[in-house]
Amino acid sequence: SNNQVFLKTSANDFLDHHHDAHYGGRPTGPSPKELIGNALRQRVESVDYEYCDPGEEDTFFVADLGEVYRQHLRWKLNLPRVKPFYAVKCNPDPKLLELLSALGTGFDCASKAEIEQVLRMGVDPSRIIYAQPCKTNSYVRYVASQGVRQMTFDNTDELRKIARLFPGAELFLRILTDDSSSLCRLSLKFGASLDSTDGLLALAHELGLNVVGVSFHVGSGAADSRAFLKAVQDAQTVFQQAATYGFALKTLDVGGGFCSDNSFEQMAGVLREALDDYFPAHSGINIIAEPGRYYASTAYTLACNVIARRTIRDMAASDSEASSPGGQNETSYMLYINDGLYGNFSSIMFDHQHPIAKVLRAGGQALYGTPAAERTNSHHAIEYSIWGPTCDGIDRITERIRFHVALDVGDWLYFEDMGAYTKCSATTFNGFSNEHDVIYVCSEPGAKALLGVH
Ligand code: PLP
């Protein structure tokens, strides 16, 4: 099976991949950064903003599926006992799902459309969990008809709904967590408190339902690994409670919340130890998770075109000797780009992100990956604010950023780590399209082989 590709992967394989990625030296071709840079440059060089048709200068993504593959190896290395069920809501890009399916992951779906998309790829219904504790009646009937049995619940009304519509479902009791340090809190809305779990299990028993596991979510973009430890401890308490009602629970679902930065190793370390303490391998309990951001974020780079500029002469700057050496007025600029908060930067609103602009092309010169592309703190550099294309004043991407280069209409900016909770929550407000091209590259031969591309 596809799974075996990774069961055979050793820690050394993983380190080799990362060595390649970060330090170059791959004999087989360009580094991931070079591949992404080439794709970005090729595309923007093909656009003549003076003469192009409407939309040709539209914002676009470059996705490196090799990065997704490396993240999967990193997962396997750090959490070998935990089977990921990718949270489709985070980024339902079909190519991303195709690769994850080939890698053997499961899928966490939150709606009929997501379940349909995953089933259409030929994924077995047993690899799907409908991880939404408050479900639509007709969707419950739909999953019953499709054989998607795993689903979560956290309240009595939902149990009665399931008893009526899909009594054969395999139920996960979602418990409350301390998500106070996470980017996006979920426990305000979902999760059974520990003083309600006994009553829920009693009702499930009375209704003749099939509780098979416990799930939790420590909040998306979790920052405190202790939340995982506490949640695992609480989950074990619920496993014991369930046993008193005759439920032999077989799966623990540790949810999502994992970040893709260096905090992952630390977070995974705490979780791994907690699992080994409270759900040791010999217990025979399956462990699954629902990571979204972890897999999608770093694989996507977004390129945006500067469509307008407004020049600001800052009269106030003369009041401040410190910010304006020599007491001269500083000229700064407002840059308007063709994507914003109502588009792929919806992550600023909904996901509390702060995407950082870099310069892709200025004055006809490609700057991707050069020091000139990076922001600077030097007061001699030019100050910009960056705005989206809609008529709403809230549509601001960056309040203040400095570059050494002069930027004007037709130039291009790029933003890294734009794969999670971006495109999927973009609107068409003001008539701007939320359908943007994705150019795929693949910096890992292993991922190419799984996708059947060369
Ligand atoms: N599972 C559930 C039930 C969620 O609500 C979410 C995000 O909201 C996820 C998984 C994915 O979370 P993350 O992207 O932080 O891994």
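Treating only the Cβ atoms of Lys and Arg (+1) and Asp and Glu (-1) as charged, compute the dipole magnitude of the chain about its Cα centre; round to the nearest 20 debye.
Values: 40 positive and 55 negative charges, 253 e Å.
Magnitude of the dipole: close to 1220 debye.
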(Q) With n ≥ 4 as the cut-off for DSSP H runs, can you work out [θ] at 222 nm for the chain, using -39500 (n - 2.57) per run divided by the number of residues, rounded to the nearest 500? (A) -9500 deg cm²/dmol
Q.
For the ranges 191-201, 249-259, what's the packing order if you count other beta-carbon atoms within 10 Å of each residue, average per peptide, and put the highest first?
A. 249-259, 191-201
Q: First select every other residue whose beta carbon is under 15 angstrom from the beta carbon of residue 139; then total the charges, Lys and Arg +1, Asp and Glu -1.
A: +3
Q. Residue 89: which lysines have alpha carbons under 21 Å from its alpha carbon, excluding same-chain residues fewer than 8 sequence positions away?
A. 112, 135, 189, 423
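So, with +1 on the Cβ of K and R and -1 on the Cβ of D and E, and no other charges, what is the size of the charge dipole of region 66-295 about its Cα centre, to the nearest 20 debye? Working shown, then result.
Numbers: 24 positive and 25 negative charges, 118 e Å.
About 560 debye.
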Q: Just grab the label-to-label distance for residue 308 and residue 282, each label 7 Å out from Cα along the Cβ direction, in nm (one decimal).
A: 7.0
Q.
Can you give me the long-range amide H partners of residue 108? Hydrogens built in the peptide plane at 1.01 Å from N, cutoff under 5 Å, separation of 5 or more residues or another chain.
A. 86, 87, 88, 129
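Which whole-number percent gives the relative contact order of region 66-295, counting Cα pairs below 8 Å spaced six or more residues apart? If you can, show how the numbers build up before the last one.
On the way: 431 pairs, mean separation 48.1, N = 230.
Relative contact order of region 66-295: 21 percent.
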Q: Calculate I(q)/I(0) for region 246-396 by the Debye formula, one identical point scatterer on each C-alpha and no solvent, and give its log10 at q = 0.13, 0.19 Å⁻¹ to two decimals.
A: -0.82, -1.25
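Over all distinct Cα pairs, what is the inverse of the mean 1/r for the chain, reported as the Kirkwood hydrodynamic radius in Å?
Numbers: mean 1/r = 0.0419 Å⁻¹.
After inverting the mean inverse Cα-Cα distance, the result is 23.9 Å.
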Q.
Can you give me the angle between helix 226-244 and the longest principal axis of the chain, using Cα atoms only, in degrees from 0 to 90, rounded to the nearest 10?
A. 20
Q.
Please compute the contact order of the chain in relative form: average sequence separation of alpha-carbon pairs under 8 Å and at least six residues apart, divided by the residue count, as a percent.
A. 19
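Among 289-297, 387-395, 164-172, 411-419, what's the highest-first ranking by average C-beta atoms within 10 angstrom per residue?
289-297, 411-419, 164-172, 387-395
Find the relative contact order for region 366-412 and round it to a whole percent, using C-alpha pairs within less than 8 Å whose residues are 6+ positions apart. Let's see the in-between values first.
Values: 54 pairs, mean separation 18.9, N = 47.
Here the relative contact order equals 40 percent.
Bear in mind that the values in this text are calculations on the coordinates, not laboratory data. All figures in this text were calculated on a predicted structure; none of them were measured in a lab. FYI the Cβ positions are ideal-geometry reconstructions off the backbone, even for glycines, and counts take in every protein chain you see.
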